[in-house]
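Q: Next up is a structure, given as structure tokens.
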Amino acid sequence: MSAEEVQPIEGPDDRALPFQVDPLDVRGRVVTLGPALDAILARHDLPRPVKVLLGEAVALASLLATSLKDTGRFIMQAETDGPVSLLVVDIRTPGQIRATATCNRERVEAVTEAGRASSADLLGRGTLAMTIEQGRGGHRYQGFVPLEHENLEAAAHAYFRQSEQIPTRVRLAVAEVMDRAETGEARQAWRAGGLIAQFLPRSPDRIKVRDLHPGDAPEEAELPDAHKEDDAWVEAAALVDTVEDVELIDPSVPAERLLVRLFHERGVRVFDATRLQDHCTCSRERIENVLEQLPPEELAEAAADGVIGVRCEFCGKEYRFAPDEVGTGRA
């Protein structure tokens, strides 16, 4: 089925659309986030540059999580020494998203005033961790990539190059756009888009692995020839690099139209989309189970005012417990 023949399900927003370009041995997904992302960012009191970064993280995590075949959980977490010290996107597959960020406002303002409020400047140095938890009783996998003043696109490229050894291109974009609410009033709303394309040839002989740099080898040493990248992947990567931010976030450009524009000469197939939604998994029972594990002295300190209050860092919902509601089930 061609991209022109597939109609968006339940509207073009908040979904991940898989695609495949057979002549180029390329597969990937396009993510379009609208109301779901707007709801996630609206509940966080964060500086605008940090909201942009968190939106990029949500888009990237959505691209990766929707590739999982089994129901489970995908967590992407960045811990850094930069102005944004923590980014977390937690997705219950296939597409229930929650996300949060922690930042130092003074440091964010400092880089903003200096005109350097890029994602790379906000992250600084640290580690980007990706965790896959399969369904109940399943395995847990983790992958890590260092952050060295890189943005999330570059970090994703490094991850797939080092950990998965799959030629990959990622594009991310986040912005506020004018939206018209149900009341008819115009307002600013957050949108994000992302595209991932990967070279996955059927024949393993087509995957070329680059040799490592010879380092301190003598100049007269005979060095192996560097492998040439496959022409199909060179073409696909060049096409993905032409994608502009506005094409990823413009509500009038559905993913199908973008894919046709990119790959119309080669032909592109699309498949059933995955719905993405703003959904937090916190509950009173889950919070109570966490409190049950705290030492008695911590519970007593938390109940100093006669009530134990807990706020979910993802959705902002507050839970209140009387002191005698927790701790009674422990030995």
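Q: Here's a check for you: in segment 47-73, which residue that is over 16 Å from LEU152 (Cβ atoms) and more than 15 Å from the chain's Cα centre (by Cα) is surrounded by the fewest Cβ atoms within 10 Å (Cβ to Cβ)? Please lay out each step first, then the result.
A: Quick first cut of segment 47-73, residues over 16 Å from LEU152 (Cβ atoms) only: 47-48, 66-73.
This time we only want the ones that are more than 15 Å from the chain's Cα centre (by Cα), so: 47-48, 69-72.
Numbers: PRO47: 18, ARG48: 12, LYS69: 8, ASP70: 10, THR71: 12, GLY72: 20.
In this case the residue turns out to be LYS69.
Q: Here's another thing I want to ask about it. So in segment 284-310, with the set limited to residues that are under 20 Å from GLN96 (Cα atoms) and touching a Phe, Trp or Tyr at 6+ places or on another chain (Cβ under 9 Å), which one is surrounded by the fewest Cβ atoms within 10 Å (Cβ to Cβ)?
A: Here the residue is ARG284.
Q: Examine segment 177-192 for a residue that is under 24 Å from VAL26 (Cβ atoms), at pLDDT 90 or above and part of a helix (DSSP H, G or I), and state whether such a residue exists. If you could, list the steps in order and put the result at the bottom.
A: Just the residues of segment 177-192 that are under 24 Å from VAL26 (Cβ atoms), to begin with: 192.
After this cut, where a residue has to be at pLDDT 90 or above as well, the list is 192.
Imposing the further condition that a residue be part of a helix (DSSP H, G or I) reduces the set to none.
Checked segment 177-192: no residue is under 24 Å from VAL26 (Cβ atoms), at pLDDT 90 or above and part of a helix (DSSP H, G or I).
Q: Can you name the condition, by its number, that ARG105 falls short on among (1) at pLDDT below 95; (2) out of contact with any strand residue (DSSP E or B) (no Cβ under 7 Å at 6 or more places or on another chain)?
A: ARG105 satisfies all of (1) at pLDDT below 95; (2) out of contact with any strand residue (DSSP E or B) (no Cβ under 7 Å at 6 or more places or on another chain) except (1).
Q: Can you tell me how many residues within segment 270-279 are farther than 19 Å from ARG191 by Cα and assigned to a loop (DSSP other than H, G, I, E, B)?
A: Filtering segment 270-279 down to residues farther than 19 Å from ARG191 by Cα leaves 270-272.
Subset that is assigned to a loop (DSSP other than H, G, I, E, B): 271-272.
Selection size over segment 270-279: 2.
Q: Could I ask something else about it? Consider ARG261 carefully, then state whether it is in a helix (DSSP H, G or I) and either without any contact (Cβ under 8 Å) to a residue 40 or more places away in the chain or closer than 21 Å to ILE97 by Cβ (or both).
A: Considered against the rule, which asks whether it is in a helix (DSSP H, G or I) and either without any contact (Cβ under 8 Å) to a residue 40 or more places away in the chain or closer than 21 Å to ILE97 by Cβ (or both), ARG261 comes out as yes.
The values are calculated or read from the model by the stated rules, or taken from the named source; none is laboratory data. Just so it is clear, the structure is predicted and the values come from calculations on it, not from any experiment. When we count neighbours, we look across all protein chains shown, and the Cβ atoms used for this are built from the backbone with ideal geometry, even at glycine.
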